[in-house]
Amino acid sequence: MEDRELFQKAQSVLKNAYVPFSGFRVGAALLTAEGKVFTGVNVENSSYGGTICAERTACVKAISEGAADFVTIAIAAEQGCAFPCGICRQFLYEFAPALRVIVGEDEEHLKEYTLQELLPEGFRI
(Lines give C-alpha, C1' and ligand atoms only; values in the text may rest on other atoms or scores of the structure.)
Protein backbone atom coordinates (compact mmCIF):
# COMPACT_ATOMS: atom_id res chain seq x y z
CA MET A 1 0.00 0.00 0.00
CA GLU A 2 1.30 3.44 -0.90
CA ASP A 3 1.93 6.05 1.79
CA ARG A 4 -0.67 8.34 0.25
CA GLU A 5 -3.35 5.64 0.45
CA LEU A 6 -2.53 4.90 4.06
CA PHE A 7 -2.65 8.60 4.91
CA GLN A 8 -6.05 8.84 3.20
CA LYS A 9 -7.32 6.00 5.40
CA ALA A 10 -6.15 7.96 8.46
CA GLN A 11 -7.97 11.03 7.14
CA SER A 12 -11.14 9.04 6.48
CA VAL A 13 -11.67 8.24 10.17
CA LEU A 14 -11.10 11.78 11.50
CA LYS A 15 -14.86 12.31 11.70
CA ASN A 16 -15.07 9.53 14.31
CA ALA A 17 -12.73 11.20 16.81
CA TYR A 18 -14.28 12.09 20.16
CA VAL A 19 -12.71 15.44 21.06
CA PRO A 20 -15.11 17.52 23.19
CA PHE A 21 -12.23 19.15 25.11
CA SER A 22 -9.43 19.89 22.65
CA GLY A 23 -11.35 19.90 19.37
CA PHE A 24 -8.16 18.42 17.83
CA ARG A 25 -9.15 15.42 15.70
CA VAL A 26 -6.48 12.83 14.88
CA GLY A 27 -6.77 9.68 12.81
CA ALA A 28 -4.25 6.89 12.37
CA ALA A 29 -3.92 3.98 9.97
CA LEU A 30 -1.56 1.16 10.95
CA LEU A 31 -0.34 -1.22 8.23
CA THR A 32 0.75 -4.78 9.01
CA ALA A 33 3.29 -6.83 7.07
CA GLU A 34 0.35 -8.91 5.77
CA GLY A 35 -1.21 -5.79 4.24
CA LYS A 36 -4.04 -5.38 6.73
CA VAL A 37 -4.86 -1.86 7.94
CA PHE A 38 -6.18 -0.96 11.38
CA THR A 39 -7.50 2.54 11.94
CA GLY A 40 -7.93 4.53 15.11
CA VAL A 41 -8.95 7.96 16.36
CA ASN A 42 -8.27 9.92 19.49
CA VAL A 43 -10.90 9.50 22.20
CA GLU A 44 -10.84 12.12 24.93
CA ASN A 45 -12.19 11.70 28.43
CA SER A 46 -13.15 14.17 31.14
CA SER A 47 -10.56 12.38 33.25
CA TYR A 48 -7.74 13.56 30.98
CA GLY A 49 -5.50 10.63 31.85
CA GLY A 50 -8.18 8.35 30.39
CA THR A 51 -7.74 9.88 26.95
CA ILE A 52 -6.31 7.61 24.26
CA CYS A 53 -4.54 8.77 21.12
CA ALA A 54 -5.35 7.61 17.61
CA GLU A 55 -2.07 5.73 17.27
CA ARG A 56 -2.67 3.64 20.38
CA THR A 57 -6.29 3.02 19.39
CA ALA A 58 -5.15 1.56 16.06
CA CYS A 59 -2.44 -0.50 17.74
CA VAL A 60 -4.77 -1.89 20.40
CA LYS A 61 -7.34 -2.83 17.76
CA ALA A 62 -4.65 -4.67 15.80
CA ILE A 63 -3.23 -6.51 18.82
CA SER A 64 -6.72 -7.48 19.99
CA GLU A 65 -7.34 -9.06 16.56
CA GLY A 66 -4.06 -11.00 16.57
CA ALA A 67 -1.92 -8.71 14.41
CA ALA A 68 1.45 -7.51 15.68
CA ASP A 69 3.83 -7.27 12.71
CA PHE A 70 3.55 -3.55 11.99
CA VAL A 71 5.43 -1.83 9.16
CA THR A 72 3.95 1.66 8.73
CA ILE A 73 1.63 4.07 10.50
CA ALA A 74 0.10 7.17 8.92
CA ILE A 75 -1.19 9.95 11.14
CA ALA A 76 -3.58 12.67 9.98
CA ALA A 77 -4.98 15.65 11.83
CA GLU A 78 -7.93 17.81 10.95
CA GLN A 79 -5.68 20.85 11.34
CA GLY A 80 -1.97 20.85 10.61
CA CYS A 81 0.42 17.97 11.11
CA ALA A 82 0.33 15.57 14.07
CA PHE A 83 3.27 13.52 15.33
CA PRO A 84 2.90 10.70 17.85
CA CYS A 85 3.15 11.87 21.45
CA GLY A 86 5.79 10.39 23.75
CA ILE A 87 3.47 7.74 25.16
CA CYS A 88 2.46 6.64 21.66
CA ARG A 89 6.08 6.51 20.52
CA GLN A 90 6.98 4.21 23.39
CA PHE A 91 3.79 2.17 22.98
CA LEU A 92 4.49 1.56 19.29
CA TYR A 93 8.18 0.89 20.00
CA GLU A 94 7.12 -2.09 22.11
CA PHE A 95 5.86 -3.79 18.95
CA ALA A 96 7.78 -2.24 16.05
CA PRO A 97 10.99 -0.28 16.72
CA ALA A 98 11.63 -0.03 12.95
CA LEU A 99 8.10 1.25 12.20
CA ARG A 100 7.81 3.82 9.39
CA VAL A 101 5.84 6.91 10.47
CA ILE A 102 4.05 9.00 7.82
CA VAL A 103 2.79 12.47 8.77
CA GLY A 104 1.73 15.56 6.87
CA GLU A 105 -0.68 18.44 6.63
CA ASP A 106 -2.26 16.80 3.59
CA GLU A 107 -1.57 13.98 1.15
CA GLU A 108 0.54 16.25 -1.05
CA HIS A 109 3.00 17.11 1.75
CA LEU A 110 3.86 13.83 3.45
CA LYS A 111 7.00 13.28 5.49
CA GLU A 112 8.47 9.93 6.46
CA TYR A 113 10.38 9.09 9.62
CA THR A 114 11.31 5.91 11.37
CA LEU A 115 10.09 5.39 14.89
CA GLN A 116 13.73 5.08 15.93
CA GLU A 117 14.33 8.61 14.61
CA LEU A 118 11.43 9.90 16.70
CA LEU A 119 12.39 7.84 19.77
CA PRO A 120 16.12 7.12 19.45
CA GLU A 121 16.53 5.31 22.78
CA GLY A 122 13.18 3.65 23.28
CA PHE A 123 12.80 1.31 26.23
CA ARG A 124 12.41 -2.36 25.47
CA ILE A 125 13.01 -5.46 27.57
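The values are calculated or read from the model by the stated rules, or taken from the named source; none is laboratory data. Quantities reported herein were computed from a predicted structural model and do not represent experimental measurements. All Cβ positions, glycine included, derive from the backbone under ideal geometry; neighbour counts span all protein chains shown. Ligands, DNA and RNA are stripped out before the accessible areas are found, and what is left, the full protein with its side chains, is counted by its heavy atoms. Shrake-Rupley method; radii C 1.70, N 1.55, O 1.52, S 1.80 Å.
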Starting from the 7 Å offset along Cα-to-Cβ, what nm value, one decimal, do you get for the label separation of K36 and Q79?
3.6
At the level of C-alpha centres, the distance separating the stretch 71-90 and the stretch 1-19, in angstrom, is 11
Assuming a ≥ b ≥ c are the square roots of the Cα gyration tensor eigenvalues, decide whether the stretch 1-67 counts as rounded (a/c under 1.5), prolate (otherwise, with a/b larger than b/c) or oblate.
oblate
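For the stretch 3-118, give the magnitude of the charge dipole about the Cα centre (Cβ charges: +1 Lys/Arg, -1 Asp/Glu; no others), in debye to the nearest 20. Don't skip to the answer; put the middle values down first.
Numbers: 10 positive and 15 negative charges, 56 e Å.
The calculated dipole for the stretch 3-118 is roughly 280 debye.
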Taking the stretch 49-125, which GluC sites (Glu not before Pro) meet the DSSP loop condition and have no more than 12 other C-beta atoms within 10 Å?
E65, E108, E121
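Kindly work out what percent of the DSSP beta bridges joining two residues of the stretch 3-118 are antiparallel, to the nearest 5.
About 80 percent, rounded to the nearest 5.
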Where only protein heavy atoms count, and the probe is 1.4 Å, what is the accessible area per residue for the stretch 3-118 in Å²?
48
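Report the FRET efficiency, 1/(1 + (r/R0)^6), for E5 and A98, where r is their Cβ-Cβ distance and R0 is 22 Å, rounded to 0.05.
Between E5 and A98 the formula returns 0.60.
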Report the full-extension gain for the segment Y113 to I87: residue separation times 0.36 nm, less the Cα-Cα distance, to one decimal in nm.
7.7 nm
Name the shape class, rounded, prolate or oblate, that the alpha-carbon gyration tensor gives for the stretch 46-95, where a ≥ b ≥ c are the square roots of its eigenvalues, rounded holds for a/c under 1.5, and otherwise prolate holds if a/b is larger than b/c and oblate otherwise.
oblate
What are the trypsin sites (Lys or Arg not before Pro) within the stretch 10-67 that DSSP puts in a loop, where the Cβ has at most 15 other Cβ atoms within 10 Å?
K36
Note down the nm distance, to one decimal, between modelled labels 7 Å out along Cα→Cβ at V19 and at Y48.
1.7
